[in-house]
1. Here are ALA2, ALA40: which of them is surrounded by fewer than 20 Cβ atoms within 10 Å (Cβ to Cβ) and farther than 23 Å from SER121 by Cα?
2. Has the stretch 23-37 got at least one residue that is touching a Gly at 6+ places or on another chain (Cβ under 8 Å) and surrounded by 15 or more Cβ atoms within 10 Å (Cβ to Cβ)?
3. If I go through the stretch 18-71 residue by residue, how many of them are out of contact with any strand residue (DSSP E or B) (no Cβ under 8 Å at 6 or more places or on another chain), of a type in the set (Gly, Ala, Ser) and not in a helix (DSSP H, G or I)?
4. Considering only residues that are part of a helix (DSSP H, G or I) and either farther than 15 Å from PHE33 by Cα or out of contact with any helix residue (DSSP H, G or I) (no Cβ under 6 Å at 6 or more places or on another chain) (or both), which ones fall in the stretch 7-16?
5. Which ones in the stretch 93-103 are touching a strand residue (DSSP E or B) at 6+ places or on another chain (Cβ under 6 Å) and not polar (S, T, N, Q)?
6. Considering (1) modelled with pLDDT of 95 or more; (2) under 12 Å from the mean Cα position of the chain (by Cα), say which one ARG131 fails and leave the rest.
7. Is one or more of the residues making up the stretch 74-88 within 21 Å of ARG131 (Cα to Cα), surrounded by 15 or more Cβ atoms within 10 Å (Cβ to Cβ) and hydroxyl-bearing (Ser, Thr, Tyr)?
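The values are calculated or read from the model by the stated rules, or taken from the named source; none is laboratory data. Since the structure is predicted, the reported quantities are computational estimates derived from the model, not experimental observations. Heads up, the Cβs are rebuilt from the backbone with ideal geometry, glycines too, and the neighbour counts pull from every protein chain shown.
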Amino acid sequence: MAVKVCFNAKVQRPGVCNAMETLLVHERIAPAFFRRMLPAYRTAGVEIRGCARTRRLAPWVKAAKPSDFGREFLDLTLAVKVVGSLEEAMAHIARFGSMHTDAILTQDYARAMRFVAAVDSSSVIVNASTRFSDGFQYGLGAEMGISTQKLHARGRWGSRS
């Protein structure tokens, strides 16, 4: 599931605001996941910019600069970081995230609920692509815009006819 979801989140329409720009992968699954995920991205023409731990597992990956995390590439470029824990991932999101959409892929319900409760984004998604975060998908009709600020109104703005 993770390979399909992550592929969709980056490749389906890379130039839109809900495309994945950073992929955080837990160190326990990184070797096996990267063996399947990174070649799929490479075949699709995605430029991977990885942290040192990512590059140890996939030496062909381009070195990420600190400015690559938190950047909206809006193309087939993806920043990848290996993390040691859910807490490290959430701290990374708090520091570099856009507050637009964040997703977790997990089979652990308690971890998913911790992520949902702790991550401050207008959309927090469990086991689905960030591409799902869309006004039309949420039943708002044509999407007019999005607000990631913390005051009213937050999230997608839509217009239904």
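1. Details: ALA2 fails: farther than 23 Å from SER121 by Cα.
When all the criteria are applied, what remains is ALA40.
2. yes
3. So the answer is 3.
4. Pass one, the stretch 7-16, residues part of a helix (DSSP H, G or I): 7-11.
Hits for the stretch 7-16 are ASN8, ALA9, LYS10, VAL11.
5. Step one: of the stretch 93-103, the residues touching a strand residue (DSSP E or B) at 6+ places or on another chain (Cβ under 6 Å) are 93, 101-103.
ILE93, ASP102, ALA103 - these are the residues of the stretch 93-103 that are touching a strand residue (DSSP E or B) at 6+ places or on another chain (Cβ under 6 Å) and not polar (S, T, N, Q).
6. (1)
7. Start the filter on the stretch 74-88 by keeping residues that are within 21 Å of ARG131 (Cα to Cα), which leaves 74-81.
Filter once more, so that each one left must be surrounded by 15 or more Cβ atoms within 10 Å (Cβ to Cβ): 76-81.
Retained after the next criterion (residues that are hydroxyl-bearing (Ser, Thr, Tyr)): 77.
Yes, the stretch 74-88 has at least one match.
To keep it simple, each residue is scored yes or no on (1) modelled with pLDDT under 90; (2) over 19 Å from GLY70 (Cβ atoms); (3) not in a loop (DSSP other than H, G, I, E, B).
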position	(1), (2), (3)
ALA94	no, no, yes
GLN107	no, yes, no
ALA112	no, yes, yes
ALA117	no, yes, yes
GLU143	yes, yes, yes
GLN149	yes, no, no
